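S.K.: The structure's right below; bear with me while I get my questions together.
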Amino acid sequence: MTPIAVERTTVVVTETAPAGAAPHTPSTVGNPWRSPGNLRHTATPTGGVGLLRVAGSDVGRRGLLRLSLAGDLASNDDFPVQGADNSRTAGTFALSFVPLDFLEVSLAYTASANTNTRSSPNLIQAFGDVTVGARATKQWLPGLWAGADLRVMTFSGVGSQSQVAFGFSPRAVATYDASGVLPLPLRAHANLGLLVDGTGSLVDASRLNAAEEYALGINRYPRLSVGFGVEAPLPLATPFIEYGLASPLGVEGGQLVAPDGTLVPAGSVAPQVLGLGVKVTALPNFTFTAAAELGLTRQVGRGVTPVPPFNLLLAASLNVDPLVQAGGPPAAVPVAREPMRVASTPSPTQPAAVAQTSQVSGVVVDAKTRQPLSGVLVAVVDSTLPPVASAPRDGRFLTYSLPSGPVKLSVQKEGYLPLVQEVLLKAGEPSTVELALVPEVKPALLALAVTSKRKPVAATLAFEGPGRRQVSLSQGDAASQKLQLPAGRYVVEVTAPGFLAQTRGVQVTDGATLDLAFDLEPEPKQWLVKRDNGKLELTQPLRFVDGKAVLLPDSQPVLAQVVDLVVRTGIKRLRIEGHTDNQGDKAANLALSKERARAVAEALVKAGLEPARLESEGFGDTRPVAPNLTPRGRELNRRVEFVLPEP
């Protein structure tokens, strides 16, 4: 037979990327130490996001479905009463869904079996406890989420009874991500709420002992619940610790009956639990949790469910992402079909060609605060594919299918410097990257004005701070001149011929507009201050209210000339020293001298000098400059001196 050659040309079709093409929760193994991708939004045994019993308020992005399966195992001696051996197993299936950016709804189903040598029967099983919850939260500040949730519980009847008890639990929830302010990635959670259930109505209290009440989870009092937890999202695992307290309310007389018939304070039986655990995400979309709960309360009171000394919990959580990208259905992705050729002598073992494509999934963060960024456009350089946007809340993104090999990603967001990063794609293996954007620094705009009695004055302004700038203003533009400066704190010094110099500290923020105006005083005809021998000598002393550290108004011209000398002669440090005469109590004189020196320093700061330039001290009557025998001598000793410390 004559060989036949058949060739099929390349065909480009549009397909919908499958929902699991790239995991919303990829494996954390190999991530950077402080990567936001290490964070696990997983369902707790009660359905919503959080740790074990402590709930979180960062519910993650819209459209995410979480499923979890948790198992408890506790085996304790002498619990809940002396001589009793107790074993308990429980299983919980829970799921949660985020239909809106601020809302999470959840559902949990629990079944348990408890064996105790003091209960009748020894084995007591509870099936069909259901919890339905809704949690509404909001991000109020960078890293801070807070809101409230409400859970409604149903509890199945006991034995042949068919009635069902109900309960509810409103609480406030908060989460703070401290990764932006601490060297370690830490997240803290806090809960405060109320627990009310009707399990006490299911069985007559006189028919149950303490072991049976524990097996059935009977609570006859509402409880104030408090919970705190801290987790550290690290690349290999997320260790966490939590604490929970449920304090019974409305206990008559504040006392409960212990199993032996004695009365115990209600506060001493309030369940307290310390939980220690770790989360591991070694497989995409799966998070495994192992934890131990330590009961801190040893007293038992009838009507309040006690906590076992030790409880082991194992859980697995699956995050299902129905949407490839947040906010919409899976995107249509062009996929190139490789040409299939059949040679004139075909080989039956020759494999069919497979499309060599991959995708990039990752997270975009602020390089300074390490917080996720939403609405960031991620595009492939030299590609006709449209850009994708990072998701709200967690800053994650997923590209279209791309050919394997090196690709360049162009990343842009208003207020940040653009970024181009190269990624090497391997066929069939999604690549995970972290893109850190550096905030764009916008200079501040200062509107300068130098006047004297509302008339423009030609002057020179010197700015000392993150950078040094000097601006000379002519009389024509001294009333309105613009200057751009980078953010930071500056010391501004203004000098003008024929006028007293001034200075002022100014804090400049990125992109701010600031009016900076100086009103100069003309030089005096007679100078009251001069620099001589390491001091500023005063020809007119500073005057105070008698016996007080209050400057009189006629001291202000002296202080203005002190500021002028500090600026013009470049004085970096100035010490203000207070002195008194020897009249009166020595301790009172010393205190008064210190207060007056401090009052002068505060007046100079108010006049514009930086506090870091100044120091003050008082010496009382220990350093007289004249005998205290005459009124004139005592007047000379009541003084304030300005000393220039040696460098």
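S.K.: In this structure, is V251 more than 32 Å from the chain's Cα centre (by Cα) and at negative phi?
M.R.: It is true that V251 is more than 32 Å from the chain's Cα centre (by Cα) and at negative phi.
S.K.: Please go through the range 406-432 and give me each residue that is closer than 30 Å to P443 by Cβ, of a type outside the set (D, E, K, R) and modelled with pLDDT under 90, ordered by number.
M.R.: The answer is G415, and nothing else.
S.K.: Taking the residues in the range 235-262 that are touching a helix residue (DSSP H, G or I) at 6+ places or on another chain (Cβ under 8 Å) and open to solvent by 40 Å² or more (accessible area, probe 1.4 Å) as candidates, determine which candidate is nearest to V196 (Cα to Cα).
M.R.: This residue is Q255.
S.K.: Let me ask something additional. Taking the stated definitions as given, is L276 assigned to a loop (DSSP other than H, G, I, E, B), open to solvent by 50 Å² or more (accessible area, probe 1.4 Å), in contact with a strand residue (DSSP E or B) (Cβ under 9 Å, 6 or more places away or on another chain) and of a type in the set (A, V, I, L, M)?
M.R.: Numbers: assigned to a loop (DSSP other than H, G, I, E, B): no; open to solvent by 50 Å² or more (accessible area, probe 1.4 Å): yes; in contact with a strand residue (DSSP E or B) (Cβ under 9 Å, 6 or more places away or on another chain): yes; of a type in the set (A, V, I, L, M): yes.
No: the conditions fail for L276.
Table: residues versus (1) surrounded by fewer than 18 Cβ atoms within 10 Å (Cβ to Cβ); (2) in a strand (DSSP E or B); (3) among the small types (G, A, S).
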{"site": "T451", "(1), (2), (3)": "yes, yes, no"}
{"site": "L461", "(1), (2), (3)": "no, yes, no"}
{"site": "P466", "(1), (2), (3)": "yes, no, no"}
{"site": "G476", "(1), (2), (3)": "yes, no, yes"}
{"site": "K482", "(1), (2), (3)": "yes, yes, no"}
{"site": "R489", "(1), (2), (3)": "yes, yes, no"}
{"site": "V494", "(1), (2), (3)": "no, yes, no"}
{"site": "P497", "(1), (2), (3)": "yes, no, no"}
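S.K.: Which residue out of D149, D85, D101, D177 is closer than 30 Å to L373 by Cα, open to solvent by 50 Å² or more (accessible area, probe 1.4 Å) and in contact (Cβ under 8 Å) with a residue 12 or more places away in the chain?
M.R.: Values: D149 fails: open to solvent by 50 Å² or more (accessible area, probe 1.4 Å); D85 fails: closer than 30 Å to L373 by Cα; D177 fails: open to solvent by 50 Å² or more (accessible area, probe 1.4 Å).
Matching residue, one of D149, D85, D101, D177: D101.
S.K.: If you check Q526, Q507, Q556, which single one turns out to be of a type outside the set (A, V, I, L, M, F, W, C) and under 30 Å from K442 (Cβ atoms)? Please lay out each step first, then the result.
M.R.: On the way: Q526 fails: under 30 Å from K442 (Cβ atoms); Q556 fails: under 30 Å from K442 (Cβ atoms).
Of Q526, Q507, Q556, the one residue that is of a type outside the set (A, V, I, L, M, F, W, C) and under 30 Å from K442 (Cβ atoms) is Q507.
S.K.: Can you tell which of Q507, Q540, Q526, Q561 is under 27 Å from R639 (Cα atoms) and not in a loop (DSSP other than H, G, I, E, B)? Outline the logic, then answer.
M.R.: On the way: Q507 fails: under 27 Å from R639 (Cα atoms); Q540 fails: not in a loop (DSSP other than H, G, I, E, B); Q526 fails: not in a loop (DSSP other than H, G, I, E, B).
One residue alone meets the criteria, Q561.
S.K.: Here is a follow-up. How about the range 244-264: which of its residues are without any contact (Cβ under 8 Å) to a residue 60 or more places away in the chain and farther than 17 Å from P80 by Cα?
M.R.: L245, A246, S247, P248, L249, G250, V251, E252, G253, G254, Q255
S.K.: Tell me the residue from G60, G128, G37 that is within 22 Å of the chain's Cα centre (by Cα), at pLDDT below 85 and outside any loop (DSSP other than H, G, I, E, B), please. Don't jump to the end; show me each part of the working.
M.R.: Details: G60 fails: outside any loop (DSSP other than H, G, I, E, B); G128 fails: within 22 Å of the chain's Cα centre (by Cα).
Sole residue among the options that is within 22 Å of the chain's Cα centre (by Cα), at pLDDT below 85 and outside any loop (DSSP other than H, G, I, E, B): G37.
S.K.: Continuing with this model, one more query. Just checking, how many residues over the range 397-445 are crowded, with 16+ Cβ neighbours inside 10 Å and under 23 Å from the mean Cα position of the chain (by Cα)?
M.R.: 8
S.K.: Which of the residues spanning the range 54-97 are under 30 Å from R393 (Cβ atoms) and hydrophobic (A, V, I, L, M, F, W, C)?
M.R.: Scanning the range 54-97 gives V54, A55, V59, L64, L65, L67, L69, A70, F93, A94, L95, F97.
S.K.: Quickly run through the range 277-302 and pick out the residues that are of a type in the set (S, T, N, Q) and under 16 Å from L314 (Cβ atoms).
M.R.: Here is the first cut: in the range 277-302, the residues of a type in the set (S, T, N, Q) are 281, 285, 287, 289, 297, 299.
Residues satisfying the conditions are T281, T287, T289.
S.K.: In the range 422-449, what count of residues is obtained for those that are in a loop (DSSP other than H, G, I, E, B) and closer than 28 Å to G511 by Cα? Full working, then the answer.
M.R.: Just the residues of the range 422-449 that are in a loop (DSSP other than H, G, I, E, B), to begin with: 427-428, 430, 438, 440-443.
Narrowing further to those that are closer than 28 Å to G511 by Cα: 438, 440-443.
Number of matching residues: 5.
S.K.: Filter the range 72-82 down to the residues that are part of a loop (DSSP other than H, G, I, E, B) and within 12 Å of P309 (Cβ to Cβ), then identify the one that is most open to solvent (accessible area, probe 1.4 Å). Quick ask: steps written out before the conclusion?
M.R.: Restricting attention to the range 72-82, the residues satisfying the condition of being part of a loop (DSSP other than H, G, I, E, B) are 78-82.
Of the ones still in play, those that are also within 12 Å of P309 (Cβ to Cβ) are 78-80.
Numbers: D78: 78, F79: 13, P80: 10 Å².
Selected residue: D78.
S.K.: May I ask you to list the residues in the range 115-146 that are of a type in the set (F, W, Y) and surrounded by 14 or more Cβ atoms within 10 Å (Cβ to Cβ)?
M.R.: Correct list: W145 only.
S.K.: Just the residues that are among the aliphatic types (A, V, I, L, M), surrounded by 14 or more Cβ atoms within 10 Å (Cβ to Cβ) and more than 30 Å from T175 (Cα to Cα), please, taken from the range 366-396.
M.R.: A379, V380, L385
The values are calculated or read from the model by the stated rules, or taken from the named source; none is laboratory data. All figures in this text were calculated on a predicted structure; none of them were measured in a lab. Every residue, glycine as well, gets a Cβ built from its backbone with ideal geometry; the counts of neighbours run over all protein chains shown. For accessibility, only protein heavy atoms count, side chains too; no ligands or nucleic acids. Shrake-Rupley method; radii C 1.70, N 1.55, O 1.52, S 1.80 Å.
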